[in-house]
């Protein structure tokens, strides 16, 4: 018997609704299509920016990583995770407001720790971080070691923001790359002095350093240099140690890891609460011992 269209319409509509419902269910629960139905997540923008390079081939473009504001945070990595891979060499720079043009040739391997008021680097660098203005370059170097202990570069060069240049020709190799080349020969800094038994008392400051100590800008240490050595290393000072001035040094991963991370955590506690502690000048005289420079 032939069905009239008017009578069959309700039955046809019900069948169509059921079919549409089944198709939607299949699309929703199918692993093939499920991701297409999920809402796109929205990420909030944070307030601090860390500029990084994922590798040396991106020296002209760089990538931006948005990270939470935390002036004491560990070093940040790029979103693709490449920046977490140890470099063959890394140049750690402690900067306040110094001009960094000198480091452009090695920008793709340079990790700048900024202790001034800038909100970002003047040009693309491997990594850029803000730190509180405490502890001079000693705090910067120790911070880097503590927070990168398990992923240190094969060779790490530590420099102040002024760079090694002519001003420090007596105590520094001329360029950052020269530090890398010398480190491969196991020459990690320029030895300019050797401390003997008679030098383990108070430091004899001169010029601007004496003035800053007298006017209170430099905080006097509670310990003598010899007492500080014992507090840091747990032994009496040796008869003779090499000294590399100006805070320009390099170190191999193996030499830095001769000490456990707890050693560096203890070390940074001496210089993390003042912009110019005398202990930072003690570290300047002890870096050669820490990085295992041979006399």
Computed FRET efficiency, Cβ-Cβ of residue 96 and residue 119, R0 22 Å: what is it to the nearest 0.05?
0.90
What is the Cα radius of gyration of segment 227-295 over 2.2 N^0.38 Å, N being its residue count?
1.08
If neighbour count is taken as other Cβ atoms inside 10 Å, put 189, 244 in order from fewest to most.
244, 189
To the nearest 0.05, how large is the calculated FRET efficiency for residue 186 and residue 215 if R₀ is 35 Å and r is the Cβ-Cβ distance?
0.25
Fewest to most Cβ atoms within 10 Å: 123, 206 sort as 206, 123
Work out how much length residue 104 to residue 177 would gain on full extension: take 0.36 nm times their residue separation and subtract the Cα-Cα distance, in nm to one decimal.
25.1 nm
Return an integer: the convex hull volume of the alpha-carbon atoms of segment 150-248, in Å³ per residue.
154
I need 285, 204 ordered by Cβ neighbour count within 10 Å, fewest first.
204, 285
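Determine, from the Cβ-Cβ distance of residue 224 and residue 167 and an R0 of 25 Å, the FRET efficiency 1/(1 + (r/R0)^6), rounded to the nearest 0.05.
Working: r = 30 Å, r/R0 = 1.18.
With a Förster radius of 25 Å, E is 0.25.
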Arrange the peptides 171-182, 132-143 so that the one whose residues have, on average, the most other Cβ atoms within 10 Å appears first.
132-143, 171-182
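Values quoted throughout were computed directly from the atomic coordinates according to the rules given, and no laboratory measurement underlies them. Here the structure is a predicted model, which means the values were calculated and not measured. Ideal geometry is used to build each Cβ from the backbone, glycine not excepted, and the neighbour counts take in all protein chains shown.
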